[in-house]
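Below: one structure, written as structure tokens.
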Amino acid sequence: MRHRFASLTTAHVADACLRTGVPVRCAPAGLRPVVPGSRVAGRVVPARHAGSVDVFLESLVTARPGDVLVVDNGGRTDEACVGDLVVLEARAAGLDGVVIWGLHRDTADIRAIGLPVFSAGALPAGPRRLDDRAPDALTAAGVGEWTVGREDLVLGDDDGVLFVPAARAGDLLTAAEALRDTERRQAGLIRAGTTLRDQVRFDAFLARRAQEPDWTFRQHLRSVGGAVEE
């Protein structure tokens, strides 16, 4: 899966979700890689933060190499919940990266460590609280409006973070590869002088829409094999 995703983007996979009827579960738009250009792909290892790093260490006990630690700190902006030591520990466990619904700190050290980290931002101050741990602290993590667990995969790149069900990974990647190849052909034709309007027979779309006002561009694209919107 990681090898196949290396030649794709999260945008390809998000479009593949639309094509295959899988819900598109994107992390909030502000969640970005600490180091631009970082990519992550692996099974979700969830951890709900309650003020102490012990939940992260415990989640790594059953993690497998290639997994991704997904930290739920409720999107809080008043504390950083992950620093360099947690990232180092994740790397030592063989994880593919860390995704934080919240903030990180120790940015310079995290950059030097080299493990991909996705975060909603940075803040110098760590937690000053210790709340009761949620019963599902090691089985589910909230990221924005979504709740994910070990049955999910997380994919991340410069466009953001996307969650997909592991059971549908093969179908999704196949659809994403087909969409990627179509878009590459279209881009090559544009560079060679054939406009996108000509490629997708936009004049035919306008003519049919004039006769059938409910005829949508997406319906037209499907009929001619375009892949602009999905």
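The values are calculated or read from the model by the stated rules, or taken from the named source; none is laboratory data. Model, not experiment: these values are computed from the prediction. Please note: Cβ atoms are built from the backbone with ideal geometry, for glycine as well, and neighbour counts cover all protein chains shown.
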Checklist entry - Among the numbered criteria (1) exposed (fewer than 14 other Cβ atoms within 10 Å of the Cβ); (2) assigned to a helix (DSSP H, G or I), which single criterion is violated by Arg19? => result (1)
Item to check | Total residues in the stretch 89-142, condition farther than 20 Å from Pro33 by Cα and either in a strand (DSSP E or B) or among the charged types (D, E, K, R) (or both) | outcome: 6
Checklist outcome for this item: Among (1) surrounded by fewer than 14 Cβ atoms within 10 Å (Cβ to Cβ); (2) out of contact with any strand residue (DSSP E or B) (no Cβ under 8 Å at 6 or more places or on another chain); (3) assigned by TED's automatic domain parsing to the domain that holds Val34, Glu151 falls short only on (2)
Checklist entry - In the set Arg25, Arg39, which member is touching a Pro at 6+ places or on another chain (Cβ under 7 Å) and of a type in the set (D, E, K, R)? => result Arg39
Item to check | Index of the failed condition, Asp198 passing every other in (1) surrounded by fewer than 13 Cβ atoms within 10 Å (Cβ to Cβ); (2) more than 15 Å from Val45 (Cα to Cα); (3) in contact (Cβ under 8 Å) with a residue 12 or more places away in the chain | outcome: (3)
Checklist entry - Does Gly30 satisfy being on the phi > 0 side of the Ramachandran plot and surrounded by fewer than 18 Cβ atoms within 10 Å (Cβ to Cβ)? => result no
Checklist entry - Is there a residue being loosely packed, with under 15 Cβ neighbours inside 10 Å, in the same structural domain as Trp101 (by TED's automatic domain parsing) and more than 21 Å from the chain's Cα centre (by Cα) anywhere in the stretch 68-81? => result yes
Checklist entry - Of all residues in the stretch 153-170 being outside any loop (DSSP other than H, G, I, E, B) and either touching a Pro at 6+ places or on another chain (Cβ under 7 Å) or not aliphatic (A, V, I, L, M) (or both), which is nearest to Leu95 (Cα to Cα)? => result Gly156
Checklist entry - Does the stretch 113-130 include one or more residues that are modelled with pLDDT of 95 or more, surrounded by 15 or more Cβ atoms within 10 Å (Cβ to Cβ), polar (S, T, N, Q) and in contact with a His (Cβ under 8 Å, 6 or more places away or on another chain)? => result yes
